Amino acid sequence: MKPATRIILIGAPVAIAASAFLGIGGKEEIPLADRPREDRKTAAPVQNPLASGTASERQALEARIARMPAGLAHPAKKEIAAQLVSSAEHSTLDWRGRYGAIEDLGDGNGYTAGSIGFCSGTNDMLQLVEAYTADHPDNGLARYLPALRKVDGSDSHEGLDPGFTDAWSTEAAKPAFRAAQDAARDRIYFDPAVRLAKMDGLGTLGQFIYYDAMLLHGPGLARDGFYGIRRAAMDRARTAAEGGAEKRYLNVFLDESRSAMRTRTNPAWRDTSRIDTAQRVFLRNGNMRLTPPLQWRMYGETFRIPAS
């Protein structure tokens with residue numbers, strides 16, 4: 001695997017993440033990994049636009065988004081998105097072959113596993129295993145749930161070793177667990193990113209840029225989380241929905257995302273290939289619909305998706 005794919009931030013659904021900052025429920029009701037880190041020196045968090053407004057306003061927004069073209073949610077485009085992400089996460093386009101991958105990358109996130117890199121320290125792995133266990137109580141990972149809850153928000157393996165990595169690999173051979181990974185990916189990352197990109201007037205490429213940033217930085221509200229990066233970009237450029245030029249806004253967004261990546265302490269984790277030699281290339285070429293053929297470089301390796 002390549003360097004860590006997300007900063008230790010928030011791995012929970014965006015509505016839950018927003019509640020930590022917007023006063024919905026007390027702090028004791030917020031899981032550990034969903035709370036702002038006390039030692040993080042960042043600007044004040046921003047509001048999550050998908051969790052703001054009245055119920056009727058949110059309903060009207062979702063209805064408007066539902067009437068828009070499928071964009072990245074179209075099956076063919078979603079497959080391209082999965083391949084692009086896999087080139088960054090696993091250095092391969094075969095993302096379906098990575099459900100059973102699991103290792104500790106030494107990035108402070110504990111174990112990183114599965115097709116998109118669920119982490120034991122960033123809450124999304126816990127969410128995945130909890131949801132899977134609710135549907136399949138006798139699965140081989142269920143007995144590790146107490147340990148996953150205990151290590152959430154840390155890089156600890158306490159209660160996971162030995163046995164957890166083998167249990168993950170074994171479970172990943174089952175279609176039900178692979179489907180559960182896909183469902184968690186969509187619920188936590190893909191669907192919120194695509195909805196918000198559509199709200200901002202962005203086409204298929206912009207929707208992918210949002211999705212990849214959501215995976216990379218986590219759905220955090222602080223300055224170095226996805227929503228903080230979006231807020232910083234909006235301070236410098238108008239979104240397409242606000243009447244701005246889409247390409248200019250996306251370039252600014254990529255600047256902010258890249259800046260957040262460059263703050264990482266380990267130089268090996270500051271590689272910005274996914275922006276510099278992939279997303280920025282598509283944007284420069286004006287391929288706003290992510291139409292194959294596509295060619296990009298990731299960590300010095302060239303990848304291609306041929307024309308249909």
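One table, with the values for the structure above:
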{"quantity": "Arg143/Arg264 FRET efficiency (R0 35 Å; Cβ-Cβ; nearest 0.05)", "calculated": "0.55"}
{"quantity": "Candidate aspartates and glutamates for bridging to Lys174, where Cα separation is under 17 Å - those fewer than 8 sequence places away on the same chain excluded", "calculated": "Glu130, Asp135, Asp138, Asp166, Asp182"}
{"quantity": "Amide hydrogen neighbours beyond the local backbone of Tyr111, cut-off 5 Å, H modeled", "calculated": "Ser120, Gly121"}
{"quantity": "Entries of Lys78/Lys247; Lys78/Lys198; Lys77/Lys247; Lys78/Lys150 with Cα pairs more than 26 Å apart", "calculated": "Lys78/Lys150"}
{"quantity": "Linear extension gain, Arg236 paired with Ala55, 0.36 nm per residue minus alpha-carbon span", "calculated": "62.2 nm"}
{"quantity": "At R0 = 41 Å, FRET efficiency that the Cβ-Cβ distance of Arg248 and Ala131 yields, to 0.05", "calculated": "0.55"}
{"quantity": "Potential lengthening between His74 and Ala307 on full extension [0.36 nm per residue; Cα-Cα distance subtracted]", "calculated": "82.3 nm"}
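We did not get these values from a lab; they are worked out from the coordinates using the rules stated. On a predicted model such as this, the values are computed, not experimentally measured, just so you know. Cβ coordinates were reconstructed from backbone atoms using ideal geometry, including for glycine residues, and neighbour counts include every protein chain displayed.
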